[in-house]
1. State whether the residues of the stretch 102-118 include one that is away from ligand 2 (no atom under 12 Å from the Cβ), among the polar types (S, T, N, Q) and under 19 Å from the mean Cα position of the chain (by Cα).
2. If the requirement is being basic (Lys, Arg), farther than 19 Å from Thr12 by Cβ, touching a residue at least 24 places away in the same chain (Cβ under 8 Å) and more than 16 Å from ligand 2 (Cβ to nearest atom), which of these qualifies: Arg256, Arg234?
3. What helices (runs of 4 or more DSSP H) completely inside the stretch 91-195 contain at least 1 residues that are touching a residue at least 60 places away in the same chain (Cβ under 8 Å) and surrounded by fewer than 14 Cβ atoms within 10 Å (Cβ to Cβ)?
4. Could you check the stretch 197-238 and list, in sequence order, the residues that are modelled with pLDDT of 95 or more, small (Gly, Ala, Ser) and in contact with an Asp or Glu (Cβ under 6 Å, 6 or more places away or on another chain)?
5. State all residues of the stretch 39-51 that are touching a strand residue (DSSP E or B) at 6+ places or on another chain (Cβ under 7 Å) and within 10 Å of ligand 2 (Cβ to nearest atom); if no residue qualifies, say none.
6. Name the one entry in Ser7, Ser77 that is closer than 30 Å to Val280 by Cβ, in contact (Cβ under 8 Å) with a residue 12 or more places away in the chain and surrounded by fewer than 23 Cβ atoms within 10 Å (Cβ to Cβ).
7. Can you pull out the residues in the stretch 228-261 that are crowded, with 19+ Cβ neighbours inside 10 Å and of a type in the set (A, V, I, L, M)?
8. Please tell me if Ala115 is in contact with a Ser or Thr (Cβ under 6 Å, 6 or more places away or on another chain) and more than 14 Å from ligand 1 (Cβ to nearest atom).
Amino acid sequence: MTQRVFSAMQPTSDSLQLGNYLGALVQWVALQDGREAIYSVVDLHALTVAPDPATLTRRTRATAAQFLAAGVDPQRSTLFVQSHVPQHAELTWILSTFTGMGEAGRMTQFKDKSAKAGQSGTNVGLFTYPVLMAADILLYDTDVVPVGEDQRQHLELSRDLAQRLNSRLGEGTVTVPEPHIVKEVAKIYDLQDPTAKMSKSSSSPHGVIDILDEPQEIAKRIRSAVTDTETVIRFDRGSKPGVSNLLTIYSAFTGRPVDDIVADYEGKMYGHLKGDLADVVVGALAPVREATMEWIESPEKLDSVLAQGAAKASVIAQATLERIGGRMGLLPLAHR
Ligand code: AMP
Ligand code: TRP
């Protein structure tokens, strides 16, 4: 049987950063070959941070535009906005009745975010966020979920819930999903603090590359990346995190093994590596940026792709929801 792939990102910024792009989106595009792929812009997840309404709408379109620009192909794959398929919220309710309080409370992302916001600033949605994520995945009988390292624990919860449903409601109720985490790019690091993951909530904007940034800006950030006081270019995550991160990015964009790149730069300076890497990254991202702008400038065309995606997704989601509800004893709606 054809494997089914599902993944999603929240519309929480105008541009994806390089970690989202290499750690997730590039994998999504590759996984379309020979598999059935379903990708979503998860706007309901983004509501947990109370976004400004107009900003949320703009970012939902911008996020979908970047997926398409990077190579998510709506002819082969399904691309939709989470809130257009109400079954996600319905299954979340059902799954929440299978989730232990302690289990949800152990999620490190929840612990970090709620510790920062304090009890008064923490909404229940932040707590149930991973249950909504499990609903996203289980609705589509997903086999494979491509994500970065930071989502591993959430995915583990999705697997636990799937196994629990199958043991309580009968085998085959839902598919137990497998993570797809590509080790080399699972964690792209901040250019200014190469021991922290690159993230939109980074302390310094100079450590983050937004894929829609101006070419000069991207080049500048790469050239001013923090390295170390040695002068040798080699890969050593422990003692040379900055250089290792640059080599990882170089390798990801060119498809060349890190060892080959290291051999090429024997006896050369960090400046050489940074200058060449800036050219590589700028060159690779320029077409993505251009294609994103084209999609953003044709919102009707974009919305129509998303509407077709929602229609396809709803059919699968409704069938799953009825199967689960039926096994739980929810009374099926009679035809009048
Ligand atoms: P987020 O930015 O948290 O919405 O993440 C969207 C996707 O990008 C998820 O699959 C993350 O695991 C992945 N991701 C985010 N930041 C990084 C990073 N620095 N390195 C690798 N993957 C990342
Ligand atoms: N929680 C994920 C993130 O922050 C986004 C997400 C929501 C997701 N639902 C998903 C990822 C389902 C994979 C599958 O990146």
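The values are calculated or read from the model by the stated rules, or taken from the named source; none is laboratory data. The model shown is predicted, which means the values in this text are computed figures rather than measured ones. When we count neighbours, we look across all protein chains shown, and the Cβ atoms used for this are built from the backbone with ideal geometry, even at glycine.
1. Yes, that holds for at least one residue.
2. Being basic (Lys, Arg), farther than 19 Å from Thr12 by Cβ, touching a residue at least 24 places away in the same chain (Cβ under 8 Å) and more than 16 Å from ligand 2 (Cβ to nearest atom) holds for just one of Arg256, Arg234, which is Arg234.
3. Those helices (runs of 4 or more DSSP H) span 152-169.
4. If the condition is that a residue be modelled with pLDDT of 95 or more, small (Gly, Ala, Ser) and in contact with an Asp or Glu (Cβ under 6 Å, 6 or more places away or on another chain), then Gly207 is the only one that fits.
5. Of everything in the stretch 39-51, those that are touching a strand residue (DSSP E or B) at 6+ places or on another chain (Cβ under 7 Å) and within 10 Å of ligand 2 (Cβ to nearest atom) turn out to be Tyr39, Ser40, Val41, Val42.
6. None of the others qualify; the one that does is Ser77.
7. Ile233, Val243, Leu246, Leu247, Ile249, Ala252, Ile261
8. So Ala115 fails the test.
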